[in-house]
Amino acid sequence: MRVIGFGASSIPVSAVGWEEHASLALIGFGIFVCFAWPWLARYFAACASTPLRGQRRNLIIDSVLGGMFVAMMQFAPVPTFAAFVIFAVNSMAGGGVSGFLKALIAMGVGGLTGFALTGGAVFRGDALTGAMWWVPLVTIYVLLVANLAYEMAVKLADRSHRLREIGRIDPLTGLLNRQALIEELTAELARSANSRDIVTLFYLDLDGFKLVNDSFGHPTGDRLLVEMAGRIAHVARDCVATGRLGGDEFLVVASRFSDAERDELAERLLEDISQPVLLDGRPIEVECSIGCSQAPVDGDDSATLILKADTAMYAAKRAGRNGFRVYAETGTASKPVIHTEVPAQSDSI
């Protein structure tokens, strides 16, 4: 729509400039803007952090240019009114009332700039000159009103994207929630099925967290969870996904980890989590038990891997807590890591 609108505007801009004996440089600038700006706007929108933010910024620039064109057209009443309405309404679609007000201010700035560039001349009321400006404007450039639908679609898409992201985030810790973790693990398992990469799942459970809630209250416990989540996310920052499974349980999904890298990450997690946390002037200490399962040796679906990592985690708790165990089917591995590996589920586990 910008290409159509600004392309159509190049006709009256150049014609009126010629009629009013404007400099060739000014006429050339107007034509250049008409044809170059739509493509620059597309590039700027692609570079923005969100589609909606990029469109809002571009519409402000649209309004500035519209004000300049109105001034270059000698402030003819019909095109002045039409241009102000079109640009303001388009901006309102992308930014509400604040967008509407910003568009009016931007058009005012553009109008003053164009007024200065044209030497302060005013519209003389010439019928031919007026028609050359407002006929293309009201017949072609008004098509920009269709931009309303586009802006609303962009706005709704942006809101939908943010809602999806919010739905994936644990509200307390800011990490991925249970559903998002399962989705990330499932996606990574699907990817690794073709590349044959090893996917490693760490299942973390805080030791003694219930005692913190009982002794200091749930608000303090929540603050402790937030601190622990930050430490886990920092240590596992290079992993595929990190999130809160629920309560005081967390998952870390890693890929392409060797046994040494797996053990190193577990040791760093145990070390960081065991450091005291200062809350309300008092140090609080918790520890962590970690269980680990790996695909494809321990399974090739998320439910199986989570179950086996959970089994390994409980084995670490029974061994004295603040430790790390790797799940392994009987006979699949003989080398112990950190403590001992966990055999397949039996009555002893």
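The values are calculated or read from the model by the stated rules, or taken from the named source; none is laboratory data. Just so it is clear, the model here is predicted, and its values are computed rather than measured. Because the Cβ atoms are built from the backbone with ideal geometry, glycine has one as well, and the counts that use them run over all protein chains shown. Note: areas computed on protein heavy atoms with side chains; ligands, DNA, RNA excluded. Shrake-Rupley method; radii C 1.70, N 1.55, O 1.52, S 1.80 Å.
Tabulated results
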| item | result |
| --- | --- |
| Lone unmet requirement of (1) touching a residue at least 12 places away in the same chain (Cβ under 8 Å); (2) in contact with a helix residue (DSSP H, G or I) (Cβ under 7 Å, 6 or more places away or on another chain) for G299 | (1) |
| Selection within the range 173-194 - of a type outside the set (A, V, I, L, M, F, W, C) and open to solvent by 60 Å² or more (accessible area, probe 1.4 Å) | R178, Q179, E183, T186, R191, N194 |
| Residue within the range 198-218 that is farther than 24 Å from A328 by Cβ, polar (S, T, N, Q) and over 30 Å from the mean Cα position of the chain (by Cα) present | yes |
| E20, sole failed condition from (1) open to solvent by less than 10 Å² (accessible area, probe 1.4 Å); (2) at pLDDT below 65; (3) over 22 Å from L101 (Cα atoms) | (1) |
| From the options D197, D207, residue that is in contact (Cβ under 8 Å) with a residue 12 or more places away in the chain, open to solvent by 20 Å² or more (accessible area, probe 1.4 Å) and among the acidic types (D, E) | D197 |
| Every residue from the range 286-300 that is part of a strand (DSSP E or B), open to solvent by 10 Å² or more (accessible area, probe 1.4 Å) and more than 15 Å from K317 (Cα to Cα) | Q294 |
| Close pairs from the range 229-254: first touching a residue at least 40 places away in the same chain (Cβ under 8 Å) and of a type in the set (A, V, I, L, M), partner part of a strand (DSSP E or B) and surrounded by fewer than 20 Cβ atoms within 10 Å (Cβ to Cβ), Cβ under 6 Å, at least 6 apart | V240/S255 |
| Qualifying residue in the range 243-265 (condition: of a type in the set (A, V, I, L, M, F, W, C), assigned to a loop (DSSP other than H, G, I, E, B), farther than 25 Å from R168 by Cα and over 26 Å from the mean Cα position of the chain (by Cα)) | yes |
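Condition check ((1) free of Cβ contacts under 8 Å to residues at least 60 places away in the same chain; (2) open to solvent by 50 Å² or more (accessible area, probe 1.4 Å)) across all residues:
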site: G217; (1), (2): yes, no
site: A266; (1), (2): no, no
site: D272; (1), (2): yes, yes
site: I284; (1), (2): no, no
